[in-house]
Amino acid sequence: MKYFDVRYRRGEMRQSVVVEADNRLEAMKQFQKLQIGVPIEFREVSEPFGVKIGKFMAKQRDPIKAKRVNNEHYISVLRQLSVMLDAGMPINVCLEEVVRSTQDVMLKAIMKTVHEDIEGGQGFTNAIKPFRTQLGNLSVSMIYLGEQTGALSESIEKLADILQTIHENRVKLKKATRYPMLTIFAMAIAFGVVITFVVPQFKEIFAQSGTILPFPTRMLLWLEHAMTAYGPFILIGGFALMGIYLYMYRRHPKLALFSDRMLLRVYIVGAVTKYAMLGRFVYIFNVLIHAGIPIVDALKAAVGVVDNRYMKQQFGRIVEDIEGGQSLHSGFVNSKMFESMILQMLKAGEDSGALNTMLEKITKYYNDKYDNIIDNVSSMIEPILIAAIAGFVLVLALGIFLPMWSMAEAMGM
């Protein structure tokens, strides 16, 4: 859609108005309908600021946002749909009941739109496709499978089970990292309090001593000066840099790809991310091909639920290789994401016709790896936390006590 600034004459006065149209001819027709004067000039202009504000406000009021729905609420809706469909209720009646009962504003709006589209004659799959961003590619694939096989209730129940598994893994990770994060937060607060309130008490004493201060003391005094003089600016700058980075991460795929690749090399975090994504990918791929979805479609759906951009790219190569005529094993090899033992298991399963069995074992292997790391996160982080606390105490002790010892020696004590 384009915008045209129409200058016109009304009596002895000359005025202008902006009309929205696909082309100049359509703009002339739109202006003639207004019947406000005689046109003098039609000029194409950029989108008016007022229109931009109006669109922004409308977007803010729209309950359907460009983000994923709440997993717990969505799983609840899926289970409700599955039970009602299994009882023989028509899909439009089921969706109407879901809209009535759910409290999630975004889900309610999505399901209401889907219900209206189905009432208008669309299929469930076509009605839900516009909400891939909110519900995920996996939802579209599973609902499509249910419609094609006539087992929509079973497909939706399986979808709920898959999302439940993913959700439980995320909850495990949050629980495992809660204690270390609280410890780090407490250390940061303690450090800030010491630098802001304790160090200034010794500052005047050190200044009056006239002695050359050791490096730890100079570092503490520098930190104290930086926090008291520039603390708000440091905080604002930190938040600004984080905001800029997140903006660039969303808008620039190369930066996102590089960041996610580097994330896999971070101690503990990289291993947790890698095993979580590998387990999720193999599990969903196995469930989908076991349910009868073609391998390529199953792979695409499984790739769609991988959050790490770099791993998503590598898994995408498996799809490209299979579409190019290569075997599943070759695709997994070329992805460079799986260790040799897993590749051998996959080849054995593919050659013997027991692919599902092998994929189940691979899924269990990665889930066990993930659970093992999650169960031991605290013990793995403890050495780092202890070293950080020891370093903090050492710097504080040296920074305060070394000059005091020097002062005592100078005074002959």
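The values are calculated or read from the model by the stated rules, or taken from the named source; none is laboratory data. Computed from a prediction, not measured in an experiment: that's the story for all the values here. Reconstructed Cβ throughout: ideal geometry from the backbone, glycine too, with neighbour counts over all protein chains shown.
Answer yes or no as to whether Lys203 is closer than 30 Å to Thr363 by Cα and among the charged types (D, E, K, R). Against the criterion (closer than 30 Å to Thr363 by Cα and among the charged types (D, E, K, R)), Lys203 does not qualify. Within segment 333-361, if we keep just the residues that are touching a residue at least 60 places away in the same chain (Cβ under 8 Å) and in a helix (DSSP H, G or I), the residue that is surrounded by the most Cβ atoms within 10 Å (Cβ to Cβ) turns out to be Leu359. Residues of segment 304-318 that are hydrophobic (A, V, I, L, M, F, W, C) and at pLDDT 90 or above: Met311, Phe315, Ile318.
Condition check ((1) in a helix (DSSP H, G or I); (2) β-branched (Val, Ile, Thr); (3) under 16 Å from the mean Cα position of the chain (by Cα)) across all residues:
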{"site": "Lys254", "(1), (2), (3)": "yes, no, no"}
{"site": "Met262", "(1), (2), (3)": "yes, no, no"}
{"site": "Val266", "(1), (2), (3)": "no, yes, no"}
{"site": "Thr273", "(1), (2), (3)": "yes, yes, yes"}
{"site": "Met277", "(1), (2), (3)": "yes, no, yes"}
{"site": "Arg280", "(1), (2), (3)": "yes, no, yes"}
{"site": "Tyr283", "(1), (2), (3)": "yes, no, no"}
{"site": "Leu288", "(1), (2), (3)": "yes, no, no"}
{"site": "Gly292", "(1), (2), (3)": "no, no, no"}
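Total residues in segment 1-32 satisfying the condition of being under 12 Å from Glu44 (Cα atoms) and aromatic (Phe, Trp, Tyr): the figure is 2. Just one of the numbered conditions (1) under 23 Å from His329 (Cβ atoms); (2) surrounded by fewer than 14 Cβ atoms within 10 Å (Cβ to Cβ); (3) over 30 Å from the mean Cα position of the chain (by Cα) is not true of Lys364: (3).
Yes/no matrix, rows are residues, columns are (1) out of contact with any helix residue (DSSP H, G or I) (no Cβ under 7 Å at 6 or more places or on another chain); (2) at pLDDT 85 or above:
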| position | (1), (2) |
| --- | --- |
| Gly88 | yes, yes |
| Val93 | yes, yes |
| Gly120 | yes, yes |
| Pro130 | yes, yes |
| Asn137 | no, no |
| Tyr144 | no, no |
| Lys174 | yes, no |
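Within the set Arg265, Arg280, Arg261, the sole residue that is within 30 Å of Glu382 (Cα to Cα) and free of Cβ contacts under 8 Å to residues at least 12 places away in the same chain turns out to be Arg265. When each of Leu81, Leu107, Leu34 is tested for being in contact with a Cys (Cβ under 8 Å, 6 or more places away or on another chain) and either of a type outside the set (Val, Ile, Thr) or at pLDDT 85 or above (or both), the lone residue that passes is Leu81. Within the set Ala301, Ala276, Ala271, the sole residue that is touching a Ser or Thr at 6+ places or on another chain (Cβ under 6 Å), modelled with pLDDT under 90 and either closer than 18 Å to Ile166 by Cα or surrounded by fewer than 19 Cβ atoms within 10 Å (Cβ to Cβ) (or both) turns out to be Ala301. All of (1) polar (S, T, N, Q); (2) within 21 Å of the chain's Cα centre (by Cα); (3) at pLDDT below 85 hold for Gln148 with one exception: (2).
Determine whether segment 178-190 contains at least one residue that is part of a helix (DSSP H, G or I), out of contact with any Phe, Trp or Tyr (no Cβ under 6 Å at 6 or more places or on another chain), in contact (Cβ under 8 Å) with a residue 60 or more places away in the chain and within 26 Å of Gly279 (Cβ to Cβ). Yes, some residue in segment 178-190 is part of a helix (DSSP H, G or I), out of contact with any Phe, Trp or Tyr (no Cβ under 6 Å at 6 or more places or on another chain), in contact (Cβ under 8 Å) with a residue 60 or more places away in the chain and within 26 Å of Gly279 (Cβ to Cβ).
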